[in-house]
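These notes concern the structure reproduced below.
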Amino acid sequence: MGDIISVKATTEYNVYSGKNILQSIGGLARESFRTAFKLGVISDGNVAPLYADSVCQTLRTAGFTVYLIVVPSGEEAKSLKIYGDVLNKLVEYGFTRADAIIGLGGGVVGDLTGFVAATFLRGIAYANVPTTLLSIVDSSLGGKTGINLPGGKNLCGAFKQPAFVLSDYALLKTLPPAEVKSGNGEVVKYALLKGGDFYKNLLAGGNADAFLTDCIKYKADIVSEDEFETKGKRIFLNLGHTVAHALEKLSNFTIPHGNAVATGLIYAARISEHYGILSNADANAVEKYILSQGYEKNYGYSFKTLAQNALSDKKTSQDSISLVLLHGIGKPVVYKIKTAEFLALPL
Ligand SMILES: NC(=O)c1ccc[n+]([C@@H]2O[C@H](COP(=O)([O-])OP(=O)(O)OC[C@H]3O[C@@H](n4cnc5c(N)ncnc54)[C@H](O)[C@@H]3O)[C@@H](O)[C@H]2O)c1
């Protein structure tokens with residue numbers, strides 16, 4: 001059944017990845033949710049009409065009583081209102097702590113489902129079936145769950161690892177091209193973090209499915225080492241994200257996340273070059289590749305504007321900023337830079 005990638009978190013679990021493996025959800029759910037009688041499948045208004053029937057039917061054949069809960073598509077679903085609606089549905093359907101839920105959708109559905117699982121009846125089991133590139137390579141594994149508050153994105157959440165993740169790459173065939181492009185920004189990030197053959201093959205235009213598996217493996221290893229982001233490893237996943245978050249905020253979230261990350265990676269490479277830890281040839285290659293994939297260099301914002309915006313971020317301490325840089329391709333490092341120095345970088 002494709003690749004099986006283990007995540008050694010507090011509770012160990014597997015990511016099953018490959019093409020046309022969705023039908024194995026029945027067996028996986030039976031194996032993982034041994035006490036469950038009822039299963040809730042949470043999906044959004046775009047994904048449910050495409051895949052929910054088949055998933056629910058397979059789960060019913062495996063012996064579960066299945067309830068489909070459809071939420072609106074997009075960030076709106078990560079709201080207190082929709083979160084409350086889903087909890088109320090589970091109460092209405094008589095779910096107990098022995099039962100479980102499955103998120104069938106992109107990062108929005110996964111984050112919401114995980115947070116419902118973390119909090120309903122003080123915690124029930126859940127699994128993710130990611131359907132976007134971004135959720136396959138990033139959000140479906142690692143246990144960060146949450147919703148947005150009126151004051152900002154992801155301000156309310158919990159760590160809660162899934163019982164399993166089933167990543168069927170065949171589901172990406174219906175994903176809109178803009179979402180594919182955005183997800184690919186994160187794939188480039190992983191290639192720069194991992195280096196080696198993954199990076200070389202990406203630049204050479206190699207096999208896309210193999211890159212997805214490489215990304216999952218990288219993230220699985222990082223989460224296994226630093227589940228709660230306390231050991232200085234999980235922060236590497238933020239490569240390119242300082243500038244990306246600034247771009248997203250400045251554009252009022254009209255620039256897709258992964259596109260902003262791709263631009264942020266160019267800056268990360270150039271800042272690394274500035275500090276003499278990445279060669280000019282490598283920085284040039286990174287920029288050339290990213291621009292060749294149709295991403296933007298700066299969206300018309302000066303570096304100073306981006307830096308000022310980044311410094312207003314809640315995760316920044318007052319007199320310095322921590323940046324993930326590259327000490328060569330495949331060798332991420334964290335640099336703590338004084339804010340005045342950051343603002344004055346000649347980029
Ligand atoms: N928990 C984490 O570690 C983590 C990491 C990164 C991002 N995130 C979160 O992920 C969210 C973004 O996730 P996303 O980029 O997957 O967006 P998304 O979940 O909003 O999906 C994007 C769009 O594609 C549609 N879609 C999904 N799968 C489809 C398919 N197979 N065919 C057709 N349409 C499909 C969705 O309905 C939606 O309109 C953000 O809320 C972000 O905060 C979480």
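At-a-glance table
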{"item": "Dipole magnitude of segment 131-286, debye to nearest 20 (Cβ charges: Lys/Arg +1, Asp/Glu -1, about Cα centre)", "result": "240 debye"}
{"item": "Rounded to 10°, Cα long-axis angle of helix 80-92 versus longest principal axis of the chain", "result": "20 degrees"}
{"item": "Per-residue HN-Hα couplings for segment 38-51 [Karplus 6.51, -1.76, 1.60; θ = phi - 60°; Hz; x = Gly/Pro]", "result": "10, 10, x, 9, 9, 9, 10, x, 8, 7, 4, x, 8, 10"}
{"item": "Amide N of segment 231-265 lying under 20 Å from the label point, which is placed 7 angstrom from the Cα of THR305 along Cα→Cβ", "result": "241-265"}
{"item": "Probe 1.4 Å, accessible area per residue of the chain, Å²", "result": "43 Å²"}
{"item": "Test item: Cα-centred dipole of segment 58-149, Lys/Arg +1 and Asp/Glu -1 on Cβ, debye", "result": "220 debye"}
{"item": "Local net charge near ALA77, Cβ-Cβ under 15 Å (Lys/Arg +1, Asp/Glu -1)", "result": "-1"}
{"item": "Contour excess over end-to-end distance, with Cα ends at GLU76 and LYS173 and 0.36 nm allotted per residue", "result": "32.5 nm"}
{"item": "Lysine pairs meeting the criterion (Cα under 22 Å, 8 or more apart or interchain), as found in segment 3-174", "result": "16"}
{"item": "Label point distance in nm, ASN20-PHE159, each placed 7 Å from Cα along Cα→Cβ", "result": "3.9 nm"}
{"item": "Accessible surface, 1.4 Å probe, highest first, among residues SER139, SER279", "result": "SER279, SER139"}
{"item": "Pairwise label distance in nanometres, LEU87 with LYS338, each label 7 Å out on the Cα-Cβ vector", "result": "4.7 nm"}
{"item": "P(r) tail fraction, segment 3-174 - alpha-carbon pairs more than 29 Å apart, %", "result": "9 percent"}
{"item": "Exposure ranking of GLU186, GLU12 by accessible area [1.4 Å probe, largest first]", "result": "GLU12, GLU186"}
{"item": "Charged-residue dipole, Cβ positions (Lys, Arg, Asp, Glu), segment 3-174 about Cα centre, Debye nearest 20", "result": "300 debye"}
{"item": "Helix 241-250 vs. the chain, principal-axis angle (Cα, 0 to 90°, nearest 10)", "result": "80 degrees"}
{"item": "Angle between the chain longest axis and helix 177-194 axis [Cα atoms, degrees, rounded to 10]", "result": "60 degrees"}
{"item": "Computed helical MRE - 222 nm, the chain, DSSP H runs ≥ 4 contributing -39500 (n - 2.57), nearest 500", "result": "-12500 deg cm²/dmol"}
{"item": "FRET efficiency for ARG97 and LYS331, using Cβ-Cβ distance with R0 set to 51 Å, rounded to 0.05", "result": "0.70"}
{"item": "Anisotropy class of segment 263-347 from Cα gyration tensor, a/c 1.5 cut", "result": "oblate"}
{"item": "Carbon + sulfur, % of accessible area of the chain - ligands and nucleic acids excluded, 1.4 Å", "result": "52 percent"}
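The values are calculated or read from the model by the stated rules, or taken from the named source; none is laboratory data. Computed from a prediction, not measured in an experiment: that's the story for all the values here. Quick reminder, even Gly has a Cβ in these numbers, built from the backbone with ideal geometry, and neighbours come from all protein chains shown. Just the protein is used for accessible areas: all its heavy atoms, side chains included, with ligands, DNA and RNA removed. Shrake-Rupley method; radii C 1.70, N 1.55, O 1.52, S 1.80 Å.
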